[in-house]
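See below for the structure under consideration.
The values are calculated or read from the model by the stated rules, or taken from the named source; none is laboratory data. Fair warning: this is a prediction, and the values are worked out from it, not measured in the lab. Virtual Cβ from ideal backbone geometry, glycine too; neighbours counted across all protein chains shown. Surface areas here come from the heavy atoms of the whole protein model, side chains and all, with no ligands, DNA or RNA. Shrake-Rupley method; radii C 1.70, N 1.55, O 1.52, S 1.80 Å.
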Amino acid sequence: MQKIGKLTLRNFKFFLGEVSINFDRKNVLLYGENGSGKSSIYWALYTFLQSVFKNDPLQIRKYFDPGHDENLINRFAPAAEASSIIVEFKDENGATTIREISLTSIQTRPGNPDNLVLNAALGSDFIDHKILSRVYSYYHKEDIDLFDFFEHHLLSFINFRQSLTIPGQTSGNANSEHWWNYINDGLDPHPNMNDAAYIAFQGVIADFNNEFNFYLNEISQRTNIILRDKFQADFRIRLDYKNATYNDFNKHNRGRNKKTIAPKIILSVDLVTPLITDANKKHVASPQSFLNEAKLSTMALAMRLAIIDEKFVAAYPKVLVLDDMLVSMDMSNREFVMSIMLEYTSDFQILFFTHQRGLFEDARKHIEGFHAEKARLRGVTNENDIKEEWKAHWKVMEMYEGENALHIPVPIIQPYESSLQKALKYFKEHIDYNACGNNLRASLEEFFLDFIPHNFINNQTMIAGLIVSARAYFTHVGFDTTPLDKLERYRERSLNPSSHFNPRADFFKRELQDIFTILEGLKANKNFPLLTRDSIIKFEIHTTTGKVFSYTATILDDICLYQKSDGTASYFINTDQRAYAMIGVTEDNLTTRLLTNVTNLRSLQTLYGETVVFINQHHAAVVVADIYQVFTDVNGNTLESLKNY
């Protein structure tokens, strides 16, 4: 399947001159500070794909015409230089197809020379926070009527089951925007109601209403499946369609209005809960007043995903452009939605843009973890290969506002570099030990924040406090704390003071070099989450009379497997504590009792021991000494057998 290999912008919006951005057929994670030109990339792709739906070529050329008020030409571009958007599509074998839109060349029109861009546009989508919020940004007393939203954002992506051939044209078009534009214009001059043209036009409106209503029913069903299966939402949506009309009765003067009245798409929700039995009470006519913003965003996103699924065409390039889509969500919702979006990477080329550094870092780490887990499931065992897996699927870039030699603002696009990569560059290439020390400190802080569990961090974010937290954690799990002693000495000399001028460069060079070695050694320690938070665990307790009690629970924190930096055998920590949400207990595979209690923090050994004590009130439990042979994952694999190093 073809994907975008390269995007070239010539004097378009913030881009001066000719700038090519290589996507290499990969997904893209892009951080762009405000004013860096990130939005120019978004609108370039949007303008390019939307151009296939412009019936009038002048509506495309205007963006590149210096004499048109709506042109998008860079204001600093010389008058003699043209503006254009060029997209290079590339397949898995390296074959390329190039399409351009400019003042003099429009290569995206259907059949010019093929339908590549048309099918790419129909299969692609653009989602940002503002678009999502438009689904529910209404006053309490207002009905949520989504037709205006569909008209401005979605009609061009929706194809009906049948085509419309406009009188005087030779070919039909199934696109819903094509239908609506014809209907919305009405008839001019207005004919007699008995005329064939009038009757035919009313037939088109009836077909439009029928097709649109059918489409909305499909979208409603798919949205509710997504809400239930992916988001575990406690509500369902309704989309009630009210027909478009033409020349309907005017209530005020009892005549006919001689114009087209747009349809309405009224959004409401029904609560899914056994606690309310009255169907009328379950129905919420104003979801914008009842649901919180997280649920409203979930609802809007589920609808967009349903629309994406509905228009899916496997054989053509499909781009999913997400611009600050998660910016208003909290951390837990961000991770949850990110997991869902990453499921779409098998079919879509995802371009994820954000101006928030924190969201960028969250997304980057989530992407790395997602692909690391996929590598492990494929049987990859080399830890370095697992860590590098994401690079085969993603390009991570950063954008900043810079200046050219004439002091004109221009975008600067560069590959993402971690703090450690920057530290190495300043140490080996640019020879700036102050900058090296600053980035080394950031690298250490990032490592500790990722490596140390939250209950040991105690809200520490700076290197001094993190070393203290690391010492407590390393002591708890049995890691060597000697490197931390040396790091504390270097922190006082070479990390904090490195932000200032210091003439003893050779001395600090040796210390900085040693810090690189210390960090490498710290990273050799492993605390691999063998079972992650929200995973299912099971365990059984047998009695001397042959009874078997089988327990199921959800862990509310990771179960980790540890290994010291010297590479000795991995091990569990018996005193690791976490909470457990008990799900149920089965007695002799016959009777199941549902449990709803959540335990306080306790170790696996304590949980097992307390359950044994409970069983011993009425039976005699057979106690197993090795609890890692007792506890299993959802598939029945013991924790001991799950050890992967």
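See the values below:
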| quantity | calculated |
| --- | --- |
| On Cα atoms only, tilt of 505-524 relative to the major axis of the chain in degrees | 90 degrees |
| Listed residue (Val585, Ala233, Leu154) projecting farthest to the positive dipole end of the chain, Cβ model | Leu154 |
| FRET efficiency, 1/(1 + (r/R0)^6) with R0 56 Å, evaluated for Lys311 and Ile431 via beta carbons | 0.55 |
| Extension gain (nm, one decimal) between Val272 and Thr170, 0.36 nm per residue minus Cα-Cα | 31.8 nm |
| Kirkwood hydrodynamic radius (C-alpha pairs) into Stokes-Einstein, the range 563-621, 25 °C and 0.890 mPa s, D in µm²/s | 175 µm²/s |
| Mean separation of Cα contacts under 8 Å, 6 or more apart, over the residue count of the chain: relative contact order % | 11 percent |
| Sites matching chymotrypsin sites (Phe, Trp or Tyr not before Pro) across the range 105-194 that sit in DSSP coil, with at most 15 neighbouring C-beta atoms within 10 Å | Tyr139 |
| Per residue value of the accessible surface for the range 410-464 (all protein chains in place, 1.4 Å probe), Å² | 53 Å² |
| Cα-based shape type of the range 162-227, given that a ≥ b ≥ c are square roots of the gyration tensor eigenvalues and the cut on a/c is 1.5 | prolate |
| In Å², nearest 10: area of His68 left accessible to a 1.4 Å probe | 70 Å² |
| The range 3-97, accessible area per residue, ligands and nucleic acids excluded (1.4 Å, Å²) | 43 Å² |
| Overall form of the range 361-442 per C-alpha gyration tensor (a/c, 1.5; a/b vs b/c) | oblate |
| Rounded if a/c under 1.5, otherwise prolate or oblate - the range 392-535, Cα gyration tensor axes | oblate |
| Environment charge at Tyr42 (Cβ cut-off 12 Å; Lys +1, Arg +1, Asp -1, Glu -1) | 0 |
| Among 190-196, 351-357, 117-123, the order from most to least packed when residues are scored by Cβ within 10 Å on average | 117-123, 351-357, 190-196 |
| Two-site label geometry, Val634 and Lys282: point separation in nm, points 7 Å out along Cα→Cβ | 2.6 nm |
| Mean separation of Cα contacts under 8 Å (6+ apart) over length of the range 224-282, as relative contact order % | 34 percent |
| Exceeding the 28 Å Cα-Cα cut-off - candidates Lys387/Lys428; Lys130/Lys422; Lys242/Lys311; Lys26/Lys425 | Lys130/Lys422 |
| Angle between the chain longest axis and helix 419-428 axis [Cα atoms, degrees, rounded to 10] | 80 degrees |
| Sulfur and carbon atoms: percent of accessible area, the chain [1.4 Å] | 49 percent |
| The range 132-242 - percent relative contact order, Cα under 8 Å, separation 6 or more | 15 percent |
| Theoretical FRET efficiency, 1/(1+(r/R0)^6), r = Cβ-Cβ of Thr599 and Val548, R0 30 Å, to 0.05 | 0.90 |
| Simple Cβ-charge dipole of the chain, Lys/Arg +1 and Asp/Glu -1, about Cα centre, in debye nearest 20 | 340 debye |
| Counted charge near Val585, where neighbours are those whose Cβ lies closer than 14 Å (Asp, Glu -1; Lys, Arg +1) | -1 |
| Amide hydrogen neighbours beyond the local backbone of Lys259, cut-off 5 Å, H modeled | Asn247, Asp248 |
| FRET efficiency, His454 to Asn404 (Cβ-Cβ, R0 41 Å, nearest 0.05) | 0.35 |
| GluC sites (Glu not before Pro) restricted to the range 131-240 and DSSP loop, no more than 12 other C-beta within 10 Å | Glu142 |
| Virtual spin-label span in nm between Gln414 and Ala262, 7 Å along Cα→Cβ | 4.6 nm |
| Label corresponding to semi-axes √(5λ) of the Cα gyration tensor in Å when calculated from the structure given, among [x] 35, 32, 25; [y] 53, 39, 20; [z] 55, 35, 21 | [y] |
| Between 0 and 90°, nearest 10: helix 176-185 axis offset from the chain longest Cα axis | 40 degrees |
| Arg228 accessible area, assembled protein chains, probe 1.4 Å, Å² | 140 Å² |
| Cleavage-rule hits, GluC sites (Glu not before Pro), the range 574-645, DSSP coil, Cβ neighbours within 10 Å at most 15 | none |
